[in-house]
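For reference, the structure is listed below as structure tokens.
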Amino acid sequence: MREKHLFEYAVIRVVPRVEREEFLNVGVILYCADQKFLKCIFEIDETRLSAFACKIETSIILSNLTAIEKICIGGAEAGPIGQLDIASRFRWLTATRSTVVQASKVHPGFCVNAEETLQRLHQQLVL
């Protein structure tokens, strides 16, 4: 049997009106320490987003999601947060925020392959 590894994930949400707490799932962030894996996948369905929040600018949402992706990758291009270790970057990305783009609570699980698990969660929770 293949070895299973602990992973943690959070759903990336667009919350157009924070005070109403209504959201649209647009992505997933997955972290697996054993596999040294931190990655996000996101997809904006502009039709759904505009039906949900007609006054929101998709370009701003995309800019925020791209910043999350850069921080997952790490390095100088991701700014000071991108210089942190992988676990710290995940914790920073999933910290509670009252912003238009935010992460859900963190959920744990076990996986054999972090990339395959990320793809499956994206299919189940976003698409």
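Since every read-out is calculated from the coordinates, none of them should be taken as a lab result. Everything numeric in this text was worked out from a predicted model, so none of it was measured. A quick note on method: Cβ atoms are made from the backbone with ideal geometry, for glycine too, and the neighbour counts reach across all protein chains shown.
In terms of other Cβ atoms within 10 Å, Ser50, Ser59 run from fewest to most in the order Ser59, Ser50.
Each label point was placed 7 Å from the Cα along the Cα-to-Cβ direction; for Leu6 and Ile60 their separation is 3.8 nm. What angle, in degrees between 0 and 90 and rounded to the nearest 10, separates the Cα long axis of helix 114-125 from the longest principal axis of the Cα atoms of the chain? Computed tilt is about 30 degrees. With neighbours defined as other Cβ atoms within 10 Å of a residue's Cβ, the residues Thr94, Thr58 order from fewest to most as Thr58, Thr94.
As a length-normalised measure over Cα pairs under 8 Å and 6 or more apart, the relative contact order of the chain settles at 36 percent. Hey, which of these cross-link pairs are over 19 Å Cα-Cα: Lys4/Lys36; Lys36/Lys105; Lys36/Lys70? Listed pairs above 19 Å: Lys36/Lys105. Mind checking which of Arg20, Arg91, Arg48 has the largest fluctuation in a GNM of the chain, springs on alpha carbons under 10 Å? Maximum among the listed residues: Arg20. The smallest convex shape that holds all Cα atoms of the stretch 15-127, its convex hull, gives 103 Å³ per residue.
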